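The values are calculated or read from the model by the stated rules, or taken from the named source; none is laboratory data. What you see is a predicted model; the values in this text were computed from it and never measured. Here the Cβ positions follow ideal geometry from the backbone for every residue, glycine too, while neighbour counts run over all protein chains shown. Calculation scope for accessible area: heavy atoms of the full protein, side chains included, ligands and nucleic acids excluded. Shrake-Rupley method; radii C 1.70, N 1.55, O 1.52, S 1.80 Å.
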Amino acid sequence: MKRPIDATLHGATDYTVGSLLMTVFPRLAGLSGTQAADQIRAAGAIHAGYSTLTDYPLGVVKAIPYKLHLTIDALGAAALALTPFVTGQFKRGKREWVPHVALAAFELASLAMTDPTGMGDFHGDVEAVRRANMENPHEKIYNGAPALAAAAR
C-alpha cells in the first residue's frame, strides 16, 4: 500500500487537528458543556503537546522519535475510542460516544496512510520540493525575479 503522508504533512495534520479538537470540534459536534467535550479537548491538547516534542520537521523540541510518535498516536486513538465505554457515558446516548469513535477512526486512517520513515511515497519530484522549501522567502520576494511579467500590448 502506498503511504503518501510524509512527516511534514503528518505534523501539519497533528497541529491542525489538535487545535480543532481543543476549540471548534466539541461545539460543532453538539457536545458543548459535556464530559465528552472535555475529553475531546484534553485529547487535542495532549496530541498537540507531544507533537511539539516530536523529532519531525514541525517538532519544536525533537525529543520523541517519529516512530514512537506514531505509536503514541495509535494508542491515543484507541484510548479516545474506549473512553466513553470505560467511563459509562455511552449510556447517555450516541452523541456521547460516536464523536470519540469517529475521531479514533480518522486517526487510525491517517496512520495507515503515513509513511513511518517520514519520507512519504510521492510521485512527484520530492527533492525539488525540499529544495524549494529550503529557500529564503525574504530573498525571493525582495531580490528574486518578478512573479508576473507585464502583459504584451
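Of all the residues that make up region 18-31, how many are loosely packed, with under 14 Cβ neighbours inside 10 Å and either among the aliphatic types (A, V, I, L, M) or under 16 Å from Gly76 (Cβ atoms) (or both)? Here the count works out to 2. Number of residues in region 87-140 that are outside any helix (DSSP H, G or I), under 13 Å from Arg3 (Cβ atoms) and among the polar types (S, T, N, Q): the value is 2.
Applying the criterion of being touching a residue at least 40 places away in the same chain (Cβ under 8 Å) and either surrounded by fewer than 20 Cβ atoms within 10 Å (Cβ to Cβ) or of a type in the set (Val, Ile, Thr) (or both) to the residues of region 32-50, the residue that is nearest to His69 (Cα to Cα) is Ile40. The selection criterion, being within 24 Å of Ser19 (Cβ to Cβ) and at pLDDT below 80, holds for Gly120.
Could you list, in sequence order, all residues of region 3-20 that are part of a helix (DSSP H, G or I) and among the acidic types (Asp, Glu)? Answer for region 3-20, where residues must be part of a helix (DSSP H, G or I) and among the acidic types (Asp, Glu): just Asp14. As for region 130-139, it holds no residue that is in contact (Cβ under 8 Å) with a residue 40 or more places away in the chain, open to solvent by less than 90 Å² (accessible area, probe 1.4 Å) and over 23 Å from Phe25 (Cα atoms). Only a single item in (1) out of contact with any Ser or Thr (no Cβ under 7 Å at 6 or more places or on another chain); (2) free of Cβ contacts under 8 Å to residues at least 40 places away in the same chain; (3) surrounded by 16 or more Cβ atoms within 10 Å (Cβ to Cβ) is not met by Pro99, and it is number (2). The single condition among (1) surrounded by fewer than 16 Cβ atoms within 10 Å (Cβ to Cβ); (2) modelled with pLDDT of 95 or more; (3) not hydrophobic (A, V, I, L, M, F, W, C) that Thr83 does not meet is (1).
Condition first: part of a loop (DSSP other than H, G, I, E, B), open to solvent by 40 Å² or more (accessible area, probe 1.4 Å), closer than 27 Å to Met119 by Cα and touching a helix residue (DSSP H, G or I) at 6+ places or on another chain (Cβ under 9 Å). Can you find one or more residues in region 59-72 that meet it?
There is at least one residue in region 59-72 that is part of a loop (DSSP other than H, G, I, E, B), open to solvent by 40 Å² or more (accessible area, probe 1.4 Å), closer than 27 Å to Met119 by Cα and touching a helix residue (DSSP H, G or I) at 6+ places or on another chain (Cβ under 9 Å).
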